[in-house]
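**Q** A single structure is presented below for examination.
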Amino acid sequence: MIHCLPIPTPFQVGRVNCYLIEDDPLTLVDVGPNSGKALDALERSLAEHGHRIEDLERIVITHQHIDHLGLVDILARRSNAEVCALDLLAPVIEEFAAHAERDDELAEALMLRHGIPRDVVTALRSVSRSFRAWGGSTKVTTPLADGSDLKFADRTLQVLHRPGHSPSDTLFHDRERRELIGGDHLIAHISSNPLISRPIGGRSGEPGGGRPRALITYMRSLRETREMDLEIVHPGHGEPVTDHVALIDERFALHERRANKIAGLIEEQPHSAYEIAQSLWGNVAVTQAYLTLCEVLGHVDLLLEDGRVAEQESPGGIVRFGSA
């Protein structure tokens with residue numbers, strides 16, 4: 001039996017879905033952010049199903065974001081559970097702060113190169129650093145290879161690396177029951193934002209291979225998921241997904257519309273990614289500058305791939321995009 005445990009987060013996305021798998025071993029998939037409020041809620045949710053943290057025998061992490069892995073060390077120490085994660089994700093969990101710092105360095109460089117003012121970048125860097133307190137690090141005792149099986153007494157979950165929303169997105173597929181534990185790969189009520197982070201290898205690409213093209217990577221992953229025979233997807237936020245094909249088709253149509261809108265702006269005159277974000281979202285492009293920058297660059301990558309726009313270097317080293 002899989003139980004959804006919605007745990008509060010301090011973030012705009014709202015509650016994160018952790019999943020209790022009542023099987024042998026007793027397993028928790030994702031753990032919530034590192035906060036007292038989240039820990040209290042998790043303890044209460046476990047108690048409703050007759051369990052304590054100390055009863056957990058296995059903890060599984062779907063990806064590297066703080067709302068999914070924050071409590072991992074506290075839970076692992078209290079329960080002595082094995083900690084499982086994609087083998088490529090393991091070093092990120094084990095040295096979370098160092099990896100977060102390097103992702104922030106990439107974000108800072110990208111923001112400056114694409115026209116976001118330095119004072120905005122400095123303020124966002126400070127916010128991002130403070131957010132790291134919601135994260136956590138621990139030893140991954142059971143690294144999982146892409147395509148391998150995670151076995152239980154009554155089920156087997158296939159481990160699938162499907163990067164895009166993050167470089168480490170990992171799905172867990174119960175082929176027999178046609179169920180998928182999907183993390184943030186596919187969410188019904190919001191489109192998962194493909195955040196540009198350093199690749200971790202494998203399907204996410206190799207570090208140092210140029211600017212990561214997160215949306216292109218994500219859409220490739222979605223195409224693979226679209227071909228799966230699924231009855232239900234248990235997402236990282238919100239309600240279960242019961243028609244993954246229709247939802248993925250909806251997402252593809254959304255990305256096509258957004259790419260066409262951005263192409264229209266670029267046809268009028270060359271724009272930096274920041275200028276495009278301001279045209280589309282106004283002040284949100286300042287308060288959520290990196291989020292909106294990733295959104296714009298993802299769709300510009302689709303246009304670059306189709307040969308519809310070209311990259312231009314302007315004075316001061318800021319990149320602009322013009323009609324090809």
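**Q** Please list, in order along the stretch 126-132, the HN-Hα scalar couplings obtained from phi with the Karplus expression 6.51 cos²θ - 1.76 cosθ + 1.60 (θ = phi - 60°), rounded to whole Hz, x for Gly and Pro.
**A** 5, 4, 4, 5, 5, 5, 4
**Q** Charges only on Cβ, +1 for Lys and Arg, -1 for Asp and Glu: so what's the dipole of the chain about the Cα centre, in debye to the nearest 20? The partial results should precede the final answer.
**A** Working: 33 positive and 49 negative charges, 151 e Å.
The calculation lands at about 720 debye.
**Q** How would Met1, Met111 line up by accessible area, probe 1.4 Å, largest first?
**A** Values: Met1 125, Met111 10 Å².
So, going from the largest accessible area down, we get Met1, Met111.
**Q** Something else about it: Of the heavy-atom accessible surface of the stretch 66-197 (probe 1.4 angstrom), what whole percent is carbon and sulfur?
**A** Numbers: 2770 of 5130 Å².
That share works out to 54 percent.
**Q** FRET efficiency for Glu57 and Leu291, Cβ-Cβ distance as r, R0 = 41 Å, nearest 0.05?
**A** On the way: r = 37 Å, r/R0 = 0.89.
The formula returns an efficiency of 0.65 here.
**Q** Using a 1.4 angstrom probe with every protein chain in place, what is the largest-first accessible-area order of Glu22, Glu268, Glu206, Glu105? Walk me through the numbers on the way to the answer.
**A** Values: Glu22 65, Glu268 140, Glu206 115, Glu105 95 Å².
In descending accessible area the options line up as Glu268, Glu206, Glu105, Glu22.
**Q** Oh, and also: What figure, in Å² to the nearest 10, do you get for the accessible area of Thr141 with a 1.4 Å probe and non-protein molecules left out?
**A** 80
**Q** Still on this structure, I have one more. ³J(HN,Hα) across the stretch 30-43 via Karplus (A = 6.51, B = -1.76, C = 1.60, θ = phi - 60°), whole Hz, x for Gly/Pro?
**A** Using θ = phi - 60°, the values come out as 6, 10, x, x, 7, 8, x, 4, 5, 5, 4, 5, 5, 4 Hz.
**Q** Over the stretch 147-268, what relative contact order in percent results from Cα pairs under 8 Å that are six or more residues apart?
**A** 23
**Q** Sticking with this structure for a sec: When Lys and Arg each count +1 and Asp and Glu each count -1, what net charge do the other residues less than 12 Å away from Gly183, Cβ to Cβ, add up to?
**A** With Lys, Arg at +1 and Asp, Glu at -1, the neighbours total -3.
**Q** According to a simple spin-label model (label point 7 Å from Cα along Cα-to-Cβ), what is the distance in nm between Asn283 and Ser126?
**A** Roughly 1.9 nm, to one decimal.
**Q** Could you report the chain's accessible area per residue, 1.4 Å probe, as an integer in Å²? Let's see the in-between values first.
**A** Working: 13620 Å² over 324 residues.
Per-residue value: 42 Å².
**Q** Let me ask something else about it. If amide H atoms are built 1.01 Å from N in the plane of the peptide, which residues on other chains or at least 5 residues away come under 5 Å of the amide H of Val60?
**A** Leu28, Val29, Asp30, Cys84
**Q** For Asn34, list long-range residues whose amide hydrogen, built 1.01 Å from N in the peptide plane, is under 5 Å from its own amide hydrogen.
**A** Sorted by chain and number, the residues that satisfy this are Gly70, Leu71, Gly135.
**Q** Would you kindly derive the ³J(HN,Hα) couplings of the stretch 213-223 from the backbone phi angles with the Karplus curve 6.51 cos²θ - 1.76 cosθ + 1.60 (θ = phi - 60°), listing them in order in whole Hz, with x for Gly and Pro?
**A** So the J values, rounded to whole Hz, are 9, 5, 5, 4, 4, 5, 5, 5, 5, 4, 4.
**Q** Just grab the label-to-label distance for Ala98 and Asp24, each label 7 Å out from Cα along the Cβ direction, in nm (one decimal).
**A** Using points 7 Å along Cα→Cβ, the separation is 3.9 nm.
**Q** Which of Pro270, Ala98, Phe152 sits closest to the plus end of the dipole of the chain, meaning its Cα is farthest towards the positive end, when Lys and Arg get +1 and Asp and Glu get -1 on the C-beta?
**A** The Cα lying farthest towards the positive end belongs to Pro270.
**Q** Also, I was wondering about something else. Asp146 to Ala246: extension gain in nm, 0.36 nm per residue of separation minus the Cα-Cα distance?
**A** Values: separation 100, 0.36 × 100 = 36.00 nm, distance 2.59 nm.
Value of the extension gain: 33.4 nm.
**Q** Which order do Arg118, Arg155 take by accessible area at a 1.4 Å probe, largest first?
**A** Values: Arg118 150, Arg155 15 Å².
Largest to smallest exposure gives the sequence Arg118, Arg155.
The values are calculated or read from the model by the stated rules, or taken from the named source; none is laboratory data. Computed from a predicted model, the values in this text were never measured in an experiment. Don't worry about glycine lacking a Cβ; one is built from the backbone with ideal geometry, like all the others, and counts go over all protein chains shown. Keep in mind that these areas ignore ligands, DNA and RNA; they rest on the heavy atoms of the full protein, side chains included. Shrake-Rupley method; radii C 1.70, N 1.55, O 1.52, S 1.80 Å.
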